[in-house]
Amino acid sequence: MKKIVPVIGIEMHCELKSNSKVFSSARNCFSEEANSNIRPLDMAFPGTLPVVNKKCVKDALKMALVLNCQVPEYMYFDRKNYYYPDLPKGYQITQNTEPVGVNGYLDIPYQNGIKKVLIHDIHLEEDSASLEHYFDATLIDYNRAGVPLLELVTEPCFNSSAEVLAFLEYIKTVYQYCDVSEADTKKGQIRCDVNVSIMPEGATTLGTKVEIKNVNGFGNVVEAIEYEIKRQTELMNAGKYDLVEQETRRFDEETGETYRMRSKVDAIDYKYFIEPNIPKYKITHEWLEKIKKEIPILPLERQKLYTTEYGLSEVDTNIIIKDKSLADYFEECLNLGIDAKVAANWLITQILGYLNKKDLPIEKIYLTPSRLKELITYQNKGLISSKQAKEIFNQVLTEEKEVATFIKEENAQISDEDKLTHIIKNILDNNPEQIKQYHNGKTNLFDYFVGQVMRETKGKANPVLTKEILTKLLGEITH
Amino acid sequence: MTYMNKTLKEIHAALINKEVTSAELVEEALTKAHQNAKECNSFVTILDEAEPTVVTDNILSGIPYGAKDNYSTKGILTTGSSNTLKDYVPFYDATVIQKLKDAGAVMIGKTAMDEFGMGGTGTTAHTGIITNPWDHERMCAGSSAGSAAAVAAGVFPYALGSDTGDSIRKPAAYCGIVGYKPTYGLISRYGLFPYASSLDHCGVLTRSVEDAAIVVDNIKGQDQNDMTSWDSSNINLTKSLTGNVKGKKLCYIKEICDIANYTNPTPELTAHLANFKHTLEICKKLGITVEEVSVDQTLLNAEPAVYVILSYAEATSNLSNLTGIIFGPRGEGKDVNEMMKDHRTKGFSPLIKRRFVIGSYVLQKENQERYFKNAQRVRRLLVDAWKDLFKNYDGVILPVGSGPAKYLKDDDNTLTKNTEILEEHLQIGNFGGFPSITIPNGFIANLPVGVNITGNCYDDANVLNLAYALEKAMNYQNMIAGDKR
């Protein structure tokens, strides 16, 4: 029996970041209170008109450029007509005729190499309201109605759920890097439709495509794909491949299985036509150039930079680039002159540990890169020990006070040579017997003297300096 | 002494000279509105609590007006003359309504119309048939029927209308008044209940060209709530009315105006076209060059179908928000789809339902290329043909309809193929978003008839000035229904 190859394509919807919604002036932000972020348009009151949010158009163009897409000369929107209680106007404003980007690609890291993902198109549209179903009623919250969505449609260019997951993980960071979306799957900001078909290895025609709608969360995407491959493969192996129909299925998170929603025969005719209330909008070359300049260095490029230029390990690099805020923090540290490895070490061991424990984003951390720099400087100057540095790190974060606050006289490391020499001389004067034994070859007594100094100074003596002075003074005593 | 039958300038002067107060004007308008409502069924709502306003330098201040019932009015019932919105009270004002409020104008009523602007007869309002004040056996045409009836009856000097095919300009002709639909986007549509967004225009019905200019000067302007509106701050229509039209050029279209094109013409049609020719002679006397031009007959023949396809298609989509879920009477049924279906089945008149079916049909995937896309192409061809004319002419002058107002009993909402283009050509003004104005140009069978001038986009001032000069030369301005001529 020939090996079976799955073919998968993804439609990914991602909520964009913006002050107001994509076609109305209502706020675009998460609100606990239902129906608090709405303007007349969001509930489709008669006579209301859409007004395009330019920032959303800009962000959509930015992503089209990042994905190496062709950008149309004019910006158009279309109406997608259908009746559903979560769609107040009875149509969704989206892009069908001229998506903001078509025929693109994106290189993604995959299994120590690079995979080229082909992009069919990317387009800007509005989200629907959210429905809450109860036993005998359904409540509608229009806060989400009109929230900007960017829909990215790939070509059927994936052959495994692992490839899809790698793509989703990577594109998520790209959205975050470009600052167009929080891309937070926990907040439901990313939702996917998955198209799966299978074919025998070497076949030239694609198998029957099955669409799984509205899968929430990357884990569920993987599960849905796996289930669907298994289902189709079993049918093919049993000689019943004709039972695989071109249809739309839904994924049940409880059972991890997919169920039929409707077959192709029942497919909805969305009766697309160009939205007449939004005049076509010229996308100028100058504007595109300006947007291009706002595109940051993407994670894949940073990965190369960190490992080759800064000498970080691949593991450390991947931890840092996964989150743009971390990478930005890291790069700011470098700009401030902190050594790359030192910065990476602090970031990965101390800072991430703290953030995970407190469940905080790095933007909220009190210890900014400049405060970290201050702390490291105290340590480098020998004013504090590395143990103290870690203690001060915690104090700074819990008390939210400047680093200098904790570099007190009594806490500070004793690095004053005269002071230390005085202390050490006293100790040596009180231990003539041990000196004699030391000079008679019991050299491990050196550590005994160090211990005495530390006891005397409550551990604050600069260990390096202490050793230097001790060596010098013990040498002098011989003569 | 009555004032509501006078021009805006006359009424304003009377207010300034303290011959009359705003309160007295409101009282007069309300009395006449109730009378007109009884006679013509022209109102959905009469605002008996309407408050007089302070008289300022603005000509509109203190003076009553009416608004078509498809303008969203905050706190005031707005139905679009449809059962689907029979109890709907908006919580926001249309931009135009807000601008008139700012000008100090007093709205005293909401006028009845063909349901959601669909229909050219004034017979499909949920409040019943609207009759023509000149002859109650006859229609006002539509859809701005109530506005036309009330202005023609002298209830107030002006009323807001809306125009998707000819919904301002045809009723104006049938009621012996002025109907002006400016360039697309000169007036914001924010708050106007949509019928077909690419064709919908706000506009005004008045009894003189000057009044139309004054009102539109007050309601035009770019609006951040309507992306299709544009900055017209350099345009002052009222000041552009010089009456000097020497050297201007108008054309008329042979295929529409030549009596020889119509088999077995009615006496009314014959008289109407003869009267039109007479109007052309008046134009010439004013120093306007008038020439006959020819437009491809096949293209003209396609026009009515193009309107049907495009407007019905947009309408099915535009009115999809009427489900009874958020506003309007909640339908009954065991699930939400049944509830929406019940709301729409009970709420819409048969005419609208027919239009929805056609609109959906032409948008279906398998039909879209053949009907909708082709209609868009023909729309473009027609607009280009008119734009070609505007290269040589200041405007196209054409007769409105095939004669005076039709009998209501003859209405079966079907078109007589023979005179179809004569009845429907004003729609080309909507296809191109052209400024277009109808003024009365005579009487046939003791009923007024109208003539229309349409010009190029953004050339409103020129078009209005041509109409202004012609109006002065004909002396049919400021007519009140029943006036003997």
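Just so it is clear, none of the values below were taken in a lab; they were calculated from the coordinates. Computed from a predicted model, the values in this text were never measured in an experiment. Positions of Cβ are generated from backbone atoms using ideal geometry, with glycine treated the same way; all protein chains shown enter the neighbour counts.
Side notes on the structure shown:
- Note that the stretch B:21-34 has calculated 3J(HN,Hα) couplings of 10, 4, 4, 5, 5, 4, 4, 4, 4, 5, 4, 5, 4, 4 Hz, one per residue in order, obtained from phi through the Karplus relation 6.51 cos²θ - 1.76 cosθ + 1.60 (θ = phi - 60°); glycine and proline are x.
- Under-5 Å amide H pairs with B:Ser61, H placed in peptide plane, nonlocal only: B:Thr56
- Reachable aspartates and glutamates from A:Lys408, criterion Cα separation under 14 angstrom, eight or more residues apart if same chain: A:Glu391
- Whole-Hz ³J(HN,Hα) from phi, Karplus 6.51 cos²θ - 1.76 cosθ + 1.60, for the stretch A:295-307, glycine and proline x: 6, x, 5, 7, x, 4, 5, 5, 4, 4, 4, 5, 7
- Protection proxy ranking for B:179-185, B:469-475, using the average of other Cβ atoms within 10 Å per residue and placing the highest first: B:179-185, B:469-475.
- Of the residues B:Phe193, B:Ile256, B:Asn218, the one whose Cα sits farthest towards the positive end of the charge dipole of the stretch B:177-272 is B:Ile256 (charges of +1 on Lys and Arg Cβ, -1 on Asp and Glu Cβ, taken about the Cα centre).
- Using distinct alpha-carbon pairs, which all enter the 1/r mean, Kirkwood radius of the protein assembly as shown in Å: 33.3
- Counting Lys and Arg as +1 and Asp and Glu as -1 over every other residue whose Cβ lies under 15 Å from the Cβ of B:Phe348, the net charge comes to +4.
- Note on A:265-272: average number of Cβ atoms from other chains within 10 Å of each residue's Cβ is 3.
- Of the GluC sites (Glu not before Pro) in the stretch B:254-355, those whose Cβ has at most 15 other Cβ within 10 Å and which sit in DSSP loop: B:Glu332
- Zone residues, the stretch A:1-31, relative to A:Glu257, backbone N less than 20 Å from point 7 Å out along Cα-to-Cβ: none
- Over all pairs of different C-alpha atoms, the stretch A:417-478 has a mean inverse distance whose reciprocal, the Kirkwood radius, equals 11.4 Å.
- The mean number of Cβ atoms from other chains found within 10 Å of a Cβ in peptide A:37-46 is 5, as a whole number.
- One Cα centroid belongs to the stretch B:274-343, the other to the stretch A:256-334; the line between them spans 44 Å.
- Taking a sphere under 14 Å around the Cβ of A:Thr233 and counting the other residues whose Cβ falls inside, with K and R at +1 and D and E at -1, yields a net charge of +1.
- Shielding by partners, peptide B:316-329 (average Cβ within 10 angstrom, other chains): 5
- Given A:Lys381/A:Lys472; A:Lys54/B:Lys387; A:Lys425/A:Lys460; A:Lys304/A:Lys357; A:Lys2/A:Lys230, the pairs whose alpha carbons are separated by over 24 Å: A:Lys54/B:Lys387; A:Lys304/A:Lys357
- Residues of type aspartates and glutamates that B:Lys239 reaches as a straight line, Cα spacing below 20 Å, ignoring anything fewer than 8 places off in the same chain: B:Glu10, B:Asp57, B:Glu210, B:Asp211, B:Asp217, B:Asp231, B:Asp394, B:Asp459, B:Asp460, B:Glu471
- Derived scalar couplings between HN and Hα for the stretch B:324-338 equal x, 8, 8, 8, x, x, 5, x, 9, x, 7, 9, 5, 5, 5 Hz in order, rounded to whole Hz, by the Karplus curve 6.51 cos²θ - 1.76 cosθ + 1.60 (θ = phi - 60°), x for Gly and Pro.
- Listed residues A:Val450, A:Asn431, A:Thr471: farthest to the positive end of the dipole of the stretch A:417-478 (Cβ charges): A:Val450
- Classification of the stretch A:263-327 by its C-alpha gyration tensor yields an oblate form. The axis ratio a/c (a ≥ b ≥ c) is 1.5 or more, and b/c is at least a/b.
- Eigenvalues of the alpha-carbon gyration tensor of the stretch A:4-287, scaled by 5 and square-rooted, set the equivalent ellipsoid semi-axes at 32, 23, 18 angstrom, largest first.
- Rounded Å value of the spacing that divides the Cα centres of the stretch A:218-235 and the stretch B:31-81: 64
- Cα-based shape type of the stretch B:412-485, given that a ≥ b ≥ c are square roots of the gyration tensor eigenvalues and the cut on a/c is 1.5: oblate
- Between A:Ser130 and A:Glu391, the FRET efficiency estimated from the beta carbon spacing at R0 = 51 angstrom works out to 0.60.
- Shape call, the stretch B:357-478: gyration tensor on alpha carbons, a/c limit 1.5: oblate
- Placing dummy labels 7 Å off each Cα toward the beta-carbon, the span from B:Glu332 to A:Asn356 is 6.2 nm.
- The C-alpha atoms of chain A define a longest principal axis, and helix A:386-399 lies at about 50 degrees to it.
- Once backbone amide H atoms are built at 1.01 Å from N, A:Glu126 has A:Ile93, A:Leu149 as its partners under 5 Å, excluding neighbours fewer than 5 places away on the same chain.
- When each of the peptides A:30-37, B:212-219, B:260-267, B:102-109 is scored by how many other beta carbons lie within 10 Å of its residues on average, the order from highest to lowest is B:212-219, B:102-109, A:30-37, B:260-267.
- Column: log10 I(q)/I(0), Debye, Cα scatterers of chain A, q = 0.08, 0.11 Å⁻¹: -0.65, -0.99
- Computed about its Cα centre, the charge dipole of chain A is approximately 660 debye, with only Lys, Arg, Asp and Glu carrying charge at their Cβ.
- Value of Rg/Rh across the stretch B:167-307 [Cα atoms, Kirkwood radius]: 1.00
- Within straight-line cross-link reach of B:Lys18, lysines at Cα separation under 17 Å, skipping those fewer than 8 residues along the same chain: B:Lys6, B:Lys9
- Charge sum, other residues only, whose C-beta stays under 10 Å from A:Asp42's C-beta, Lys/Arg counted +1 and Asp/Glu -1: +3
- Angle of helix A:369-380 to the longest C-alpha principal axis of chain A, folded into 0 to 90 degrees and rounded to 10: 20°.
- Least to most buried among A:Val215, B:Val204, A:Val52 (fewest other Cβ within 10 Å first): A:Val52, A:Val215, B:Val204
- Diffusion constant of the stretch A:296-406 at 10 °C, which comes from Stokes-Einstein with the Kirkwood Cα-pair radius and 1.306 mPa s, µm²/s: 111
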